[in-house]
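Laboratory data are not the source of any read-out in this text; all were calculated from the coordinates shown. Quick caveat, the model's predicted, so the values are computed rather than measured. Reconstructed Cβ throughout: ideal geometry from the backbone, glycine too, with neighbour counts over all protein chains shown.
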């Protein structure tokens, strides 16, 4: 499962809560509406396959490529790092969590 912190990074809005139901991820974001209403909590949903793609896109925009298939994701850094999980999606999310952790440590 993806963390609120990573979801906030991917969508560039503060994530308040996450619920996954049958392959659809429902989440609440704090989004800026306008100068009158300020920040509002907005409910969104996304297919987890689309989310995995967005996560890989986020990694790429941060200068890191992720290749994935079956139960593995490979992060291309100085040396390739292999992440294993039960599913390809889980491997992608774990890989992005790893990238986020490395980014925060710098």
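From the list 83, 74, 99, 41, the one residue that fits, being buried (at least 17 other Cβ atoms within 10 Å of the Cβ) and assigned to a strand (DSSP E or B), is 83. Of the residues screened, residue 17 is one that is surrounded by fewer than 13 Cβ atoms within 10 Å (Cβ to Cβ), in contact with a helix residue (DSSP H, G or I) (Cβ under 8 Å, 6 or more places away or on another chain) and not in a helix (DSSP H, G or I). Look at (1) farther than 14 Å from residue 100 by Cβ; (2) surrounded by 14 or more Cβ atoms within 10 Å (Cβ to Cβ) and you find that residue 22 fails only one, number (2). Only residues that are under 18 Å from residue 101 (Cα atoms) and out of contact with any helix residue (DSSP H, G or I) (no Cβ under 8 Å at 6 or more places or on another chain) were counted across the stretch 78-88, and they come to 4. Residue-level analysis places residue 53 among those that are under 24 Å from residue 91 (Cα atoms), free of Cβ contacts under 8 Å to residues at least 12 places away in the same chain, in contact with a helix residue (DSSP H, G or I) (Cβ under 9 Å, 6 or more places away or on another chain) and not in a loop (DSSP other than H, G, I, E, B).
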